[in-house]
Amino acid sequence: MLLLDAGNSRCKWAYVENGAWVHHGAVDNAEIAALQQTFAGLPQPVRVIVSNVGGLAREQELRQLCSLWPVPPEFVTACREACGVSNRYEEPSRLGSDRWAALIAAWRRVGQRCLVVNCGTATTVDALSERGEFIGGLILPGITLMRQSLSRGTAQLPDVQGQIRDFPCNTADAIHSGVLRATLGAIRHQYELLAADGVAVCVLGGGAADRLQALLGMPLQRVDNLVLEGLQVIGETSA
């Protein structure tokens, strides 16, 4: 089984045999076509399970990429219930496939009330009840996107890396600290709401997770590749 997580910035993939990832990798979206050469060296998968948040143009790229094999890619969409997770979104199918897969992966891993935080181009902060109900969540700009938006939208704020400080005294640190504090505040607020009704854990993943993990100060399980893990659960459950 081949799993594809086509996000806003990168495409991650994993080839699964007997439940184990035997090959995996990631490329920037601008280089997706290069995966065709990589995939040519893989055995033909029985199924191809895809999460795509890049729209129709990205879907066409992925279909072309998978045309190596007579196996049509299966594009995951959120539904009312799957893999032990129920979806209370007002329109269940409008929940992003990446968020849906991450929720399913988190529930399979912890099986309890949890906050599922995925830190990529966007940061998503989604809550699962003790019964596996997705009860709602937040979407906010990711750490890099916040920093870049300040640079693009202002005349004198540079897009540079700084350090986190309690009271920053230079512009780079002020931007970096502000971006991190805003993200941490959103996560902590949602965690406090969720934990008010019972014991909860945070499941943290995504490319920016390293910058947040030591600062969150809550029960936490770090899980990289949440979306790919969720796609694997979906594929195995629907086999």
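The values are calculated or read from the model by the stated rules, or taken from the named source; none is laboratory data. Remember, predicted model here, so these are calculated numbers, not experimental data. Cβ sites come from the backbone with ideal geometry, for glycine too, and all protein chains shown count toward neighbours.
Please find, among 196, 239, the residue that is within 30 Å of residue 19 (Cα to Cα), among the hydrophobic types (A, V, I, L, M, F, W, C) and surrounded by fewer than 16 Cβ atoms within 10 Å (Cβ to Cβ). On inspection, the qualifying residue turns out to be 239. For segment 130-154, a tally of residues being in contact (Cβ under 8 Å) with a residue 40 or more places away in the chain, over 18 Å from residue 223 (Cβ atoms) and not β-branched (Val, Ile, Thr) returns 6. If the condition is being under 14 Å from the mean Cα position of the chain (by Cα) and either among the basic types (Lys, Arg) or outside any strand (DSSP E or B) (or both), then segment 111-140 contributes 120, 121.
Remark: pairs (first residue in segment 63-82, touching a residue at least 60 places away in the same chain (Cβ under 8 Å); second residue among the hydroxyl-bearing types (Ser, Thr, Tyr) and in a helix (DSSP H, G or I); Cβ separation under 8 Å; 6+ apart in sequence or on different chains) = 76/97; 82/237. For segment 91-103, the count of residues that are farther than 30 Å from residue 130 by Cα and either assigned by TED's automatic domain parsing to the domain that holds residue 196 or of a type in the set (Lys, Arg) (or both) is zero. Based on what the data block shows, is residue 207 in a loop (DSSP other than H, G, I, E, B), touching a residue at least 24 places away in the same chain (Cβ under 8 Å), within 18 Å of the chain's Cα centre (by Cα) and surrounded by 13 or more Cβ atoms within 10 Å (Cβ to Cβ)? Yes; evaluated as a whole, the condition is true for this residue. When 27, 85, 71 are screened for being outside the structural domain of residue 128 (by TED's automatic domain parsing), closer than 16 Å to residue 228 by Cα and surrounded by 14 or more Cβ atoms within 10 Å (Cβ to Cβ), only 27 passes. The set of residues in segment 128-181 that are of a type in the set (Asp, Glu) and surrounded by 13 or more Cβ atoms within 10 Å (Cβ to Cβ) comprises 130, 133, 159, 173.
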